[in-house]
1. Can you tell me which residue in the stretch 93-104 is surrounded by the most Cβ atoms within 10 Å (Cβ to Cβ), limited to those that are assigned to a loop (DSSP other than H, G, I, E, B) and of a type in the set (Gly, Ala, Ser)?
2. So, in the stretch 152-166, of the ones that are of a type outside the set (Asp, Glu) and not in a helix (DSSP H, G or I), which residue ends up farthest from GLY133 (Cα to Cα)?
3. Test ILE180 against the criterion of being touching a helix residue (DSSP H, G or I) at 6+ places or on another chain (Cβ under 8 Å) and closer than 22 Å to GLY29 by Cα, and give yes or no.
4. For a quick check of your reading of the model, give me the residue pairs whose first member lies in the stretch 124-146 and is under 28 Å from GLY236 (Cβ atoms) and at pLDDT below 95, whose second is part of a loop (DSSP other than H, G, I, E, B) and of a type in the set (A, V, I, L, M, F, W, C), with beta-carbon atoms closer than 8 Å and at least 6 apart or on different chains.
5. Name the residue, out of GLY3, GLY19, GLY48, GLY27, that is at pLDDT 95 or above and on the phi > 0 side of the Ramachandran plot.
6. Residue check: is GLY150 open to solvent by less than 30 Å² (accessible area, probe 1.4 Å), more than 13 Å from the chain's Cα centre (by Cα) and under 21 Å from ALA77 (Cα atoms)?
7. For the stretch 51-69, name all the residues that are under 19 Å from the mean Cα position of the chain (by Cα) and either on the phi > 0 side of the Ramachandran plot or assigned to a helix (DSSP H, G or I) (or both).
Amino acid sequence: MPGAIDAQSFAYNSRGVAGGPAIGFLGLGAMGAAIVVRLMDAGYEVIGWNRSEEKAAPLRARGMKWAPSPREVAASADVMISILTDASALEQVMDGRDGVLAGLRPGAVLADMSTIAPDASCAVAARVSAAGGTMVDAPISASLATLESGQASIMVGGEVDAYDRLHPVLLAIGPKVTHIGANGQALYVKLAINLALVVQVVSFCEGVAMTEKAGIKREVAVDAFLKSVVASPVLGYRGPFVLEGRMPKVAWADVNLQQKDLLLALELGRKLGVALPTTAVANEMLNAARAMGLQDRDFAVVYEVYRTLGGMR
């Protein structure tokens with residue numbers, strides 16, 4: 001079978017073309033697949049697994065090896081990366097006879113890039129430590145466009161020794177890698193960044209909707225926004241989505257995914273006693289998008305909510 005791992009591959013830690021370790025990779029969704037491509041382009045050998053095997057086909061055609069279970073990924077690599085939907089998915093990958101913990105090599109390091117609650121990540125990291133390995137939280141701040149163009153940023157929470165081992169691998173994914181502090185702390189920063197990102201896009205949609213209702217052509221208003229002091233990287237690549245026919249057919253980050261992050265942030269605000277009023281409002285706009293059946297679209301589709309509320313649909 002092309003790209004499969006033979007028995008010998010599990011007997012030793014093979015090394016990539018770049019001279020670095022083989023990378024075990026768990027989770028081959030849109031972001032995970034794009035990260036694997038960057039790692040392979042940098043010369044790393046990647047041994048991947050995904051719950052849906054068919055998603056791995058394009059990567060296997062490019063040379064990624066396939067492992068039939070998370071346990072076999074862990075048994076084949078001292079360095080692993082995971083990027084999964086939520087804490088429940090991470091726990092399922094870790095547990096059981098075929099889970100990562102069952103196959104974990106002594107001294108292995110795992111960078112979990114999933115955006116989940118810090119407490120949940122710390123709990124998994126403690127179990128990895130008890131099994132003889134080390135896990136850091138390493139959430140990535142990027143869209144598919146910024147990742148593919150080499151502009152992603154990665155934050156790391158965890159032991160410095162693990163960070164030092166992972167640093168060259170993470171640099172192959174994105175050029176901006178920052179050690180934030182202890183386990184869980186990178187996730188606090190990632191959730192803070194994501195709430196600011198969503199609030200900014202929602203406020204942009206609000207402003208453009210107001211100008212459209214005033215009779216200004218949408219494309220003229222968007223162009224003016226992107227030339228103004230409010231312009232930013234996220235508005236640069238996502239702002240044009242509000243124009244007619246520019247919404248991507250496959251969402252870069254759909255409404256459900258972004259709302260998951262806002263709800264995590266709101267819960268952290270509750271626990272910490274920090275007011276997050278603009279986050280709460282942005283979350284309600286995503287609720288409205290879901291009520292309109294737009295949950296699978298990129299979250300910039302909230303513009304259509306404003307158009308509906310303004311009687312422009």
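The values are calculated or read from the model by the stated rules, or taken from the named source; none is laboratory data. The shown structure was predicted, so the numbers you read here are calculated from the model rather than taken from an experiment. Note: ideal-geometry Cβ built from the backbone for every residue, glycine included; neighbour counts use all protein chains shown. The accessibility values were calculated without ligands, DNA or RNA, using every heavy atom of the protein model including side chains. Shrake-Rupley method; radii C 1.70, N 1.55, O 1.52, S 1.80 Å.
1. Filtering the stretch 93-104 for residues assigned to a loop (DSSP other than H, G, I, E, B) gives 95-99, 104.
When the remaining residues are screened for being of a type in the set (Gly, Ala, Ser), the result is 96, 99.
Values: GLY96: 14, GLY99: 17.
Checking each candidate, the answer is GLY99.
2. Here is the first cut: in the stretch 152-166, the ones of a type outside the set (Asp, Glu) are 152-158, 160, 162-163, 165-166.
Cutting the leftovers down to not in a helix (DSSP H, G or I) gives us 152-158.
On the way: ALA152: 27, SER153: 25, ILE154: 21, MET155: 20, VAL156: 16, GLY157: 15, GLY158: 12 Å.
Ranking the candidates gives ALA152 first.
3. Details: touching a helix residue (DSSP H, G or I) at 6+ places or on another chain (Cβ under 8 Å): yes; closer than 22 Å to GLY29 by Cα: no.
No; evaluated as a whole, the condition is false for this residue.
4. Taking only residues 6 or more apart or on different chains, the pairs are SER141/ALA152; ALA142/ALA152; SER143/TRP252; SER143/ALA253; LEU144/TRP252; ALA145/TRP252; THR146/ALA152.
5. Working: GLY3 fails: at pLDDT 95 or above; GLY19 fails: at pLDDT 95 or above; GLY48 fails: on the phi > 0 side of the Ramachandran plot.
Result: GLY27 is the single residue among GLY3, GLY19, GLY48, GLY27 that is at pLDDT 95 or above and on the phi > 0 side of the Ramachandran plot.
6. Values: open to solvent by less than 30 Å² (accessible area, probe 1.4 Å): yes; more than 13 Å from the chain's Cα centre (by Cα): yes; under 21 Å from ALA77 (Cα atoms): no.
No; evaluated as a whole, the condition is false for this residue.
7. Pass one, the stretch 51-69, residues under 19 Å from the mean Cα position of the chain (by Cα): 51-52, 55-56, 59.
LYS55, ALA56, LEU59 - these are the residues of the stretch 51-69 that are under 19 Å from the mean Cα position of the chain (by Cα) and either on the phi > 0 side of the Ramachandran plot or assigned to a helix (DSSP H, G or I) (or both).
Residue by residue, here is whether (1) farther than 19 Å from GLY158 by Cα; (2) open to solvent by 40 Å² or more (accessible area, probe 1.4 Å); (3) assigned to a helix (DSSP H, G or I); (4) among the small types (Gly, Ala, Ser) holds:
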| site | (1), (2), (3), (4) |
| --- | --- |
| ILE81 | no, no, no, no |
| LEU84 | no, no, no, no |
| GLU91 | no, yes, yes, no |
| PRO106 | no, yes, no, no |
| LEU110 | no, no, no, no |
| THR115 | no, no, no, no |
| CYS122 | no, yes, yes, no |
| SER129 | no, yes, yes, yes |
